[in-house]
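Let me begin by presenting the structure, written as structure tokens, before commenting on it.
The values are calculated or read from the model by the stated rules, or taken from the named source; none is laboratory data. Computed from a prediction, not measured in an experiment: that's the story for all the values here. For neighbour counting, all protein chains shown are included, and Cβ atoms are generated from backbone atoms with ideal geometry for every residue, glycine included.
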Amino acid sequence: MRTRVRVLTASVTAALLLAACSPLPPGSAAAVVEGTPIPRAAIESAISGLDLDDLRAGLEAGLPADLEGVARAAAVEEQVSVAVLDTQRRVLDLYIRGEIVRLVAEDVGVAASNADREAAREALIASVGGPEALPGVLADAGFSEQVFDEVIVEQEALLVALRRAVLDDAELEVREPRHILVASQAEAEELLAELAAGADFAELAAARSQDPGSAPRGGALQPAPRGAWLPEFDDAVWNAAIGEVVGPVQTQAGFHVIEVVDETTLAADELPEEQVQQLVAGELDARFLAAVSEADVRVDPAFGVWSSDPQNPSLLPSPPVGQPATGAAPADLGLTEEELEELRQELEEGG
């Protein structure tokens with residue numbers, strides 16, 4: 001990945017810390033990420049569906065009963081302004097993160113296809129409970145369908161393309177197990193005894209397994225590479241011989257009786273998306289951390305201050321004048337240590 005901006009390390013006074021991450025002067029852009037502007041209009045339109053009347057009613061209900069008249073109205077409007085700004089900040093945070101994901105995808109040389117976008121949209125909608133639940137989930141978060149489609153879906157589609165690109169043409173050894181999940185070790189041992197006496201594994205799984213996903217299939221699980229399951233389950237699968245019944249194996253889900261029925265090799269593009277995600281998570285995390293630390297992110301201070309903290313990169317509220325932004329890197333003004341010291345002294349004398 002090309003270097004985009006050198007790490008900010010210079011220490012400056014509290015007043016100068018308000019310039020962290022090279023904030024933009026107020027204007028048409030809410031933020032600029034590596035030269036790509038995020039228009040203010042996009043952030044403002046993203047919350048156009050926010051029901052301010054409902055918001056006012058909810059805020060007013062939480063005010064003290066003895067606060068009346070003009071003071072009460074002013075308090076409500078102040079809280080409305082804070083809530084609107086908070087929503088705008090969270091939307092802008094999504095846009096900035098999405099732009100950083102795009103930079104990573106650009107460096108890897110991949111782009112999301114329309115098929116990626118459609119698959120990402122369907123998966124995201126399913127994850128929140130289906131099409132009927134989506135409007136309510138977005139409303140609760142303060143996000144519009146525009147933000148969902150333009151930012152959230154696009155980011156997930158890029159991640160799908162990135163995962164496939166990182167795996168490339170890899171071929172992976174996979175194992176196909178079946179299992180019976182029960183609540184107690186005693187029941188698992190009872191199942192083992194029945195299997196040893198000749199009972200049919202699939203019939204026992206269908207009748208007694210507590211795993212609703214695999215029980216109707218006789219306990220069968222999809223073929224997966226090493227590392228796809230809970231650690232104890234995974235170890236048992238990969239230590240067993242093909243056709244061997246092992247157990248009881250305890251995981252956080254309960255007690256398992258397991259049989260590995262097959263072993264084969266699959267191309268990466270034959271694996272389910274969730275397995276691909278597990279396999280490439282470490283490498284992609286490293287790429288994103290590098291992109292976050294290197295990206296030149298400038299934000300209109302009306303919206304906040306971008307923090308490139310690798311543990312939690314995010315758009316933070318602008319601090320009160322004279323206080324540093326929590327988690328924000330100090331600004332690099334291109335000054336030597338001697339010049340910085342002289343500047344500190346001048347500010348102290350002027351104060």
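I need every pair where a residue in region 307-318 that is assigned to a strand (DSSP E or B) has its Cβ under 8 Å from the Cβ of a residue that is at pLDDT 85 or above and acidic (Asp, Glu), sequence separation at least 6 or different chains.
From residues that are assigned to a strand (DSSP E or B), the pairs are 314/93; 315/93.
For residues that are touching a residue at least 40 places away in the same chain (Cβ under 8 Å) and of a type in the set (S, T, N, Q), tally how many sit in region 97-147.
Qualifying residue count for the region: 3.
Just to check your reading of the model, which residue among 96, 125 is closer than 19 Å to residue 40 by Cα and modelled with pLDDT of 85 or more? Give the steps one after another, and end with the answer.
On the way: 125 fails: closer than 19 Å to residue 40 by Cα.
Within the list 96, 125, the selection yields 96.
Going by what's in this entry, would residue 105 be described as more than 15 Å from the chain's Cα centre (by Cα) and in a helix (DSSP H, G or I)?
Values: more than 15 Å from the chain's Cα centre (by Cα): yes; in a helix (DSSP H, G or I): yes.
Considered against the rule, which asks whether it is more than 15 Å from the chain's Cα centre (by Cα) and in a helix (DSSP H, G or I), residue 105 comes out as yes.
Just need a number here: residues in region 168-196 that are assigned to a strand (DSSP E or B) and surrounded by fewer than 14 Cβ atoms within 10 Å (Cβ to Cβ).
Result for region 168-196: 2.
From the list 227, 243, which residue is more than 30 Å from residue 283 (Cβ to Cβ) and exposed (fewer than 14 other Cβ atoms within 10 Å of the Cβ)? Spell out how you get there, then give the answer.
Values: 227 fails: more than 30 Å from residue 283 (Cβ to Cβ).
When all the criteria are applied, what remains is 243.
Quick one: in region 108-134, which of the residues that are of a type in the set (Val, Ile, Thr) and under 17 Å from the mean Cα position of the chain (by Cα) is surrounded by the most Cβ atoms within 10 Å (Cβ to Cβ)? Quick ask: steps written out before the conclusion?
Filtering region 108-134 for residues of a type in the set (Val, Ile, Thr) gives 108, 110, 125, 128.
Now narrow it down to the ones that are under 17 Å from the mean Cα position of the chain (by Cα): 125, 128.
Working: 125: 17, 128: 15.
Filtering first and then ranking leaves 125.
Considering only residues that are acidic (Asp, Glu) and buried (at least 19 other Cβ atoms within 10 Å of the Cβ), look in region 64-102 and name the one that is farthest from the chain's Cα centre (by Cα). Don't jump to the end; show me each part of the working.
Initially, region 64-102 is screened for residues acidic (Asp, Glu), giving 66, 68, 77-78, 86, 93, 99.
Restricting the remaining residues to those that are buried (at least 19 other Cβ atoms within 10 Å of the Cβ) gives 93, 99.
Values: 93: 12, 99: 14 Å.
Per the criteria, the residue is 99.
Which number in (1) at pLDDT 85 or above; (2) within 21 Å of residue 161 (Cβ to Cβ) marks the one condition that residue 272 misses?
(1)
Mind telling me which of the residues 199, 207, 165 ends up being assigned to a helix (DSSP H, G or I) and either among the β-branched types (Val, Ile, Thr) or more than 30 Å from residue 111 (Cβ to Cβ) (or both)? Give the steps one after another, and end with the answer.
Values: 199 fails: assigned to a helix (DSSP H, G or I); 165 fails: either among the β-branched types (Val, Ile, Thr) or more than 30 Å from residue 111 (Cβ to Cβ) (or both).
Step by step, each of 199, 207, 165 is checked, and only 207 is assigned to a helix (DSSP H, G or I) and either among the β-branched types (Val, Ile, Thr) or more than 30 Å from residue 111 (Cβ to Cβ) (or both).
Within region 137-183, track down each residue that is at pLDDT 85 or above and of a type in the set (Gly, Ala, Ser).
157, 183
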